[in-house]
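The values are calculated or read from the model by the stated rules, or taken from the named source; none is laboratory data. All of these numbers come straight from a predicted model, not from anything done at the bench. Neighbour counts are summed over all protein chains in view; Cβ atoms, including those assigned to glycine, are modelled from backbone coordinates with ideal geometry. To get the accessible areas, we keep the full protein, side chains included, count just its heavy atoms, and leave off ligands, DNA and RNA. Shrake-Rupley method; radii C 1.70, N 1.55, O 1.52, S 1.80 Å.
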Amino acid sequence: MSDARVVTPATDRRWLWALGLLLPAGFRDRQRGEWAADLATLAADPAARRRYLLATVRTLPALRAAARGHESVLPAEADPAGAITASRIVITLLAWSIIGWLTTVLTPYLYSRAGRDLPAWLVETTPFTPVLLVLGVGGLGTVVGYALTFIASLTTLVLAVAERRRPAYHRFGGIMTAVALFVVASAQAGLGTELRFHADGLALLTLAGLTLTPRRTGLSRPRRTLLAVLSCLAAAVIAVLHTPFGTALQVWYLG
């Protein structure tokens, strides 16, 4: 850097000093050295030097963002394959569980406590049976935790087989994750009722969702925001299930 400064005219050095003041303190000296080195290579072309100095002004916002690790200058790369697959599984299962619990567990219980008939859309007539079946499985997985973990295992396995465009190591990792989830679900199912944590499958999904929300995962901001919202909603469901109201609801539902 000192050699570059020797061949840098005083006017240019003042420019570089002033431009450096617009950057974070820990970033200034290194960037000034890079600018000075570039200007040294343009010593024989005054017009090119002027264009270069003007270009440095235009790049200052990007440099400031880079110095602070701002998201706007992250490489425009595709989301990591593993994070995408994981987020798809977690988002789908969280949304399914929450909607299923609200519609086929909480709503019928509230109507039952009030002594009222179920609304028409919850009556199991033939046209609505498939929809209610899907929602009912989601509600069951929320209350019976190991069922949801089994579903997560099966979903991961299906995706690992279906994503044929993914690299072999990615698909192998998916299969191993599915096996691990199956083992966890089996352990959950083997615990006695008095030892079982209510909504343990939903709790695992919530933790998985929270680990995918930081920016370092490489996921897009909308996807991370959706994960954060669903994780918070799932945490609220878990909290409700650990209240006296939630205990009465589960007794009624499983009774």
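Could you run the Karplus curve 6.51 cos²θ - 1.76 cosθ + 1.60 with θ = phi - 60° over the range 149-157 and give me ³J(HN,Hα) per residue in whole Hz, x for Gly and Pro?
5, 4, 5, 4, 4, 5, 4, 5, 5
In what sequence, largest accessible area first, do TRP252, TRP35, TRP17 appear using a 1.4 Å probe?
The most accessible residue leads, giving TRP17, TRP252, TRP35.
Take the Cβ-Cβ distance between ALA10 and ARG64 as r, set R0 to 30 Å, and report the resulting FRET efficiency rounded to the nearest 0.05.
Plugging the Cβ-Cβ distance into 1/(1 + (r/R0)^6) gives 0.70.
With every protein chain left in place and a probe of 1.4 Å, what is the accessible surface of HIS242, to the nearest 10 Å²?
Around 80 Å² of this residue is reachable by solvent.
In nm, to one decimal, how far is the modelled label at ALA48 from the one at ARG116, with both set 7 Å along Cα→Cβ?
That separation, rounded to one decimal, is 7.9 nm.
Can you give the accessible area of PHE150, probe radius 1.4 Å, in Å² rounded to 10?
The accessible area comes out at roughly 70 Å².
Counting only the heavy atoms of the protein chains, how much of ASP117 is accessible to a 1.4 Å probe, in Å² to the nearest 10?
140 Å²
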